[in-house]
1. For the stretch 75-92, name all the residues that are within 21 Å of Ala40 (Cα to Cα) and among the aromatic types (Phe, Trp, Tyr).
2. Restricting to the stretch 135-183, give me the number of residues that are over 28 Å from Val109 (Cα atoms), in a helix (DSSP H, G or I) and more than 15 Å from the chain's Cα centre (by Cα).
3. Within the group Ile123, Ile171, Ile129, which residue is touching a residue at least 60 places away in the same chain (Cβ under 8 Å) and β-branched (Val, Ile, Thr)?
4. Take the residues in the stretch 28-72 that are surrounded by 14 or more Cβ atoms within 10 Å (Cβ to Cβ) and aromatic (Phe, Trp, Tyr); name whichever of them is farthest from Arg105 (Cα to Cα).
5. Please work out which residue is farthest from Leu72 (Cα to Cα), limiting yourself to the stretch 6-27 and to residues that are aromatic (Phe, Trp, Tyr) and open to solvent by 40 Å² or more (accessible area, probe 1.4 Å).
6. Spot the failing condition for Val64; the list is (1) closer than 23 Å to Ala103 by Cβ; (2) out of contact with any Ser or Thr (no Cβ under 6 Å at 6 or more places or on another chain), and only one is missed.
7. Could you please find all residues in the stretch 111-126 being touching an Asp or Glu at 6+ places or on another chain (Cβ under 9 Å), crowded, with 17+ Cβ neighbours inside 10 Å and aliphatic (A, V, I, L, M)?
8. How about the stretch 73-88: which of its residues are assigned to a helix (DSSP H, G or I) and either open to solvent by 60 Å² or more (accessible area, probe 1.4 Å) or in contact with a Lys or Arg (Cβ under 6 Å, 6 or more places away or on another chain) (or both)?
Amino acid sequence: MTTANKLTIVRMVMIPAFVLVMMFPFAGSGWVALAIFIAASVTDFVDGYIARKYNQVTDFGKFVDPLADKLLVTAAILLFVESGQCPAWCALLIIAREFAVTALRLVAVNNGIVIAAAWSGKIKTASSIVCICLMLTPWHDLALFGGFDLDALCVAVMVILTVWSGAEYFIKNKALFSADKMK
């Protein structure tokens, strides 16, 4: 097993640890959850870097790495819904985009096309990680302006970037939905 794949597996193990710490709070659990989330997010960058630099790209990594990313973000978003930090409709939109883009990629692969990650998707991912980290801090409910708090600002940023990047993926790949490709 490659180093990159080992890091991906470590990230997968961090997800239930993150959820457990969030669900069963104790003194300092918010900081522990934040540390786990940051460590898991860093392993995403590191395993991709290692896989590319040391030619460790594998089919396992191609499948499990994006799955781990989606599970980590989905876990955080669902925990925020439970805690009242994120409206359920926003969570549904964020999660639905992930399913929709994954489905689009499957249609593309079925047609012999690989859809590379778009910059908008990378911006969405990086912003989501920053926003989730901010929402995990004790200052998440800090009042900002116009009745908005930090949670609301972070959710708004995630929703806007989710819609933008999702729309970009579908607009750039609309040819996949032509009549002859949908047979």
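1. So in the stretch 75-92, the residues within 21 Å of Ala40 (Cα to Cα) come out as 75-81, 91.
Passing the criteria: only Phe80.
2. Restricting attention to the stretch 135-183, the residues satisfying the condition of being over 28 Å from Val109 (Cα atoms) are 135-157.
Narrowing the set further to residues that are in a helix (DSSP H, G or I) leaves 135, 150-157.
When the remaining residues are screened for being more than 15 Å from the chain's Cα centre (by Cα), the result is 150-153, 156.
Number satisfying all stated conditions: 5.
3. Going through Ile123, Ile171, Ile129 in turn, the sole match is Ile129.
4. Only one residue tops the list, namely Phe37.
5. The extreme case among them is Phe26.
6. (2)
7. none
8. Of everything in the stretch 73-88, those that are assigned to a helix (DSSP H, G or I) and either open to solvent by 60 Å² or more (accessible area, probe 1.4 Å) or in contact with a Lys or Arg (Cβ under 6 Å, 6 or more places away or on another chain) (or both) turn out to be Leu78, Glu82, Ser83, Ala88.
The values are calculated or read from the model by the stated rules, or taken from the named source; none is laboratory data. Computed from a predicted structure; not experimentally measured. Every residue, glycine among them, receives a Cβ derived from its backbone with ideal geometry; neighbour counts consider all protein chains shown. Keep in mind that these areas ignore ligands, DNA and RNA; they rest on the heavy atoms of the full protein, side chains included. Shrake-Rupley method; radii C 1.70, N 1.55, O 1.52, S 1.80 Å.
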